[in-house]
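*Asks:* Could you have a look at this structure, given as structure tokens, before my questions?
We did not get these values from a lab; they are worked out from the coordinates using the rules stated. None of the values given here were measured: they were computed from a predicted structure. Counting neighbours? That spans all protein chains shown, and the Cβs are built from the backbone with ideal geometry, glycine included.
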Amino acid sequence: MQNTKTQDTLVGLFVACGIAALFFMAMQISNLSAFSNNKTYTITANFENSGGLKVKSPVSVAGVRIGRVSNISINKDSYESVVEMLIEAQYNLPDDTSASIFTAGLLGEQYISLEPGGSEDFMQQGGMIDITQSAIVLEEVIGQFLFDKAAEE
Amino acid sequence: MTHFLQRLGHTTLSSFAKLGRGSFFLIQILSACLSVFLRPKLLIKQLYSVGVLSFLIITISGLFVGMVLGLQGFYILSDFGAEETLGIMVAASLVRELGPVVSALLFAGRAGSALTAEIGLMKATEQLSGMEMMAIDPIKRIIAPRFLAGFISMPLLSALFSSIGVLGGHMIGVGVLGVDDGSYWAQMQAGLDFQDDIINGIIKSIVFGFAISWISLFEGYDTIPTSEGVSRATTRTVVNSAFTILGLDFILTALMFGDI
């Protein structure tokens, strides 16, 4: 039965191609390779205004991505935005690290940039960043600029 | 007036009856599915005719859909100076929507119609009754392997479609139009999530595979055993599958991506 053998081979080839495609999608198209089984720890930061920051926005130090935003909520008492971040466990951050929200390019997505301080102690799971700088809202900046211009003249 | 009411009632009753027969048929298939693994040869034969033979049309369509997406996406994105985001545009539209839906439509046309015609002819030539006479359960022997083959092939074909499409977009975007290779992949990887996008796309294709196999086998099994009946059943398979795929896609999209 030569025919059955060819059929078996072709079916095997088909299934292998399909699984290869699934694998390709997982590794090459999505970000599974970046954050798969790595251990993470959570830190939070309070911002006056978190702007267009979203869950899964990147968290970076010196431009290198070390984690992502996992949750954004509001503090009911101070009306500040509470941003939780998952940081990969291999990166230790000093406990006087400061956080700012920047925009990648003029219209790009917003991300958190962490600026490590000089402290000897490291952030622990559930740690809190005290020094924060809010997102820059373009309308406010333009409004301020126009206001200053008008005041000058 | 009475005539109209009579026809309305008849249509309603017969569509309910068909739905009932279809559901009963599905239960029969599902309970027969386990016995297919006792005879893997039958399944392999069907995987060949359902999956392998659809391979070419799926890959070629995937390639061209990806290439067209790359071309059109580039024209629009370059107006905003955002050509670099071509990767995520191509990949997100393929993985979330076009991959599962277009490959399911092609699959319904290529494999579903063939299944209906085959089963319908078996019924018209009384092969199915013949099997029953020989105490062979046609559901176990004929229907269940085909159902499983469709169910297994569909996600694989849809993954192939999306992957080849992404490569086609890469070919046009990076190879011809000069988008940066690194940002094509980097934007894609940054923007697409494994769980939210890839897995949801695969779930869609599994649901479509289930629906197409069910519809095409049922239409074949339920056909009026004449040549005209078989031809009508084949048409109904393609039309009903297309409606079901598009309707289910809308529901699944609303459920999966609704909160974005």
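*Asks:* Taking the Cα centre as origin and putting +1 on Lys and Arg beta-carbons and -1 on Asp and Glu beta-carbons, what dipole magnitude results for the protein assembly as shown, to the nearest 20 debye?
*Replies:* 3260
*Asks:* Between A:SER98, A:SER57, A:SER73, which gets the highest mean-square fluctuation from a Gaussian network model of chain A, Cα cutoff 10 Å?
*Replies:* Looking only at A:SER98, A:SER57, A:SER73, the biggest GNM fluctuation is shown by A:SER73.
*Asks:* Let me ask you something else. Which one of B:ILE76, B:ILE198, B:ILE29 has the biggest mean-square fluctuation once chain B is modelled by GNM with Cα springs under 10 Å?
*Replies:* Highest fluctuation of the listed residues: B:ILE76.
*Asks:* Could you give me the ³J(HN,Hα) list for the stretch A:53-61, computed from phi with Karplus coefficients 6.51, -1.76, 1.60 and θ = phi - 60°, whole Hz, x at Gly and Pro?
*Replies:* Per-residue couplings from phi come out as 5, 10, 4, 6, 4, x, 10, 9, 10 Hz.
*Asks:* At a Förster radius of 56 Å, what calculated FRET efficiency corresponds to the Cβ-Cβ distance of A:THR103 and B:LEU53, to the nearest 0.05?
*Replies:* Once the sixth-power term is evaluated, E becomes 0.65.
*Asks:* Compute the angle between helix B:53-79 and the longest alpha-carbon principal axis of chain B, please, reported from 0 to 90 degrees and rounded to the nearest 10.
*Replies:* Between the helix axis and the principal axis of chain B, the angle is about 40 degrees.
*Asks:* Kirkwood-based Rg over Rh for chain A (C-alpha set), two decimals?
*Replies:* Value, to two decimals: 1.25.
*Asks:* Another question about this same structure. When only Cα pairs under 8 Å and 6 or more residues apart are kept, what is the percent relative contact order across chain B?
*Replies:* 32
*Asks:* Please give the FRET efficiency for B:HIS10 paired with B:GLN195, using the beta carbon to beta carbon distance and R0 = 51 Å, rounded to the nearest 0.05.
*Replies:* Step by step, r from the Cβ atoms, then E = 0.60.
*Asks:* Further, regarding this structure: Taking θ as phi - 60°, what are the ³J(HN,Hα) couplings along the stretch A:75-86 by the Karplus curve (6.51, -1.76, 1.60), each to the nearest whole Hz, with x for Gly and Pro?
*Replies:* With the stated coefficients, the stretch A:75-86 comes to 7, 5, 8, 9, 6, 9, 8, 9, 10, 9, 10, 9 Hz.
*Asks:* Name all residues of the stretch B:205-228 having a backbone nitrogen under 18 Å from the label point set 7 Å from the Cα of B:SER23 along its Cα→Cβ direction, giving them as ranges.
*Replies:* B:211, B:214-215, B:218-219
*Asks:* Could you state the angle between the C-alpha long axis of helix A:138-152 and the longest principal axis of the C-alpha atoms of chain A, as a value from 0 to 90 degrees rounded to the nearest 10?
*Replies:* Once rounded, the angle reads 30 degrees.
*Asks:* Rounded to the nearest 10 degrees, what's the angle between the helix A:2-24 long axis and the longest principal axis of chain A, both from Cα atoms, 0 to 90?
*Replies:* 10
*Asks:* If every alpha-carbon in the stretch B:48-253 counts as one equal scatterer, what log10 I(q)/I(0) does Debye give at q = 0.08, 0.12, 0.15 1/Å?
*Replies:* Log10 I(q)/I(0), no solvent term: -0.33, -0.64, -0.87.
*Asks:* To check you understand DSSP bridge types, tell me what percent of the beta bridges within the stretch A:40-142 (both residues inside) are antiparallel, rounded to 5.
*Replies:* 75
*Asks:* Under 29 Å Cα-Cα from B:LYS41, which lysines qualify once same-chain neighbours fewer than 8 residues away are excluded?
*Replies:* Result set, ordered by chain and number: A:LYS5, B:LYS123, B:LYS140, B:LYS204.
*Asks:* Another one. Taking amide hydrogens as modeled 1.01 Å from N in the peptide plane, which residues meet the under 5 Å criterion relative to A:MET123, leaving out close sequence neighbours?
*Replies:* Those lying under 5 Å, H to H, from A:MET123 are A:LEU93, A:ASP95.
*Asks:* Show the residues, 5+ positions off or on another chain, whose built amide H is closer than 5 Å to the amide H of A:SER70.
*Replies:* Amide H to amide H, under 5 Å and 5 or more residues apart or across chains, A:SER70 pairs with A:LYS56, A:GLU84, A:MET85, A:LEU86.
*Asks:* Per DSSP H run of n ≥ 4, the term is -39500 (n - 2.57); total these for the protein assembly as shown, divide by its residue number, and report the mean residue ellipticity at 222 nm rounded to 500 deg cm²/dmol.
*Replies:* -19000 deg cm²/dmol
*Asks:* So who's got an amide H within less than 5 Å of the one on A:GLU80, skipping anything under 5 residues away but keeping other chains? H placed 1.01 Å off N, in plane.
*Replies:* Amide H neighbours of A:GLU80, under 5 Å, 5+ apart: A:ASN75.
*Asks:* Once you have the alpha carbon radius of gyration of the protein assembly as shown, what is it after dividing by 2.2 N^0.38 Å, with N set to its residue count?
*Replies:* So the protein assembly as shown has a normalised radius of gyration of 1.29.
*Asks:* Can I ask one more? At a Förster distance of 25 Å, what's the computed FRET efficiency of A:MET27 paired with B:SER78, Cβ-Cβ distance as r, to 0.05?
*Replies:* 0.30
*Asks:* With θ taken as phi - 60° and the coefficients 6.51, -1.76 and 1.60, list the Karplus ³J(HN,Hα) couplings across the stretch B:236-241 in order, rounded to whole Hz; mark glycine and proline as x.
*Replies:* 3J(HN,Hα) across the stretch B:236-241, in whole Hz: 4, 4, 5, 5, 5, 4.
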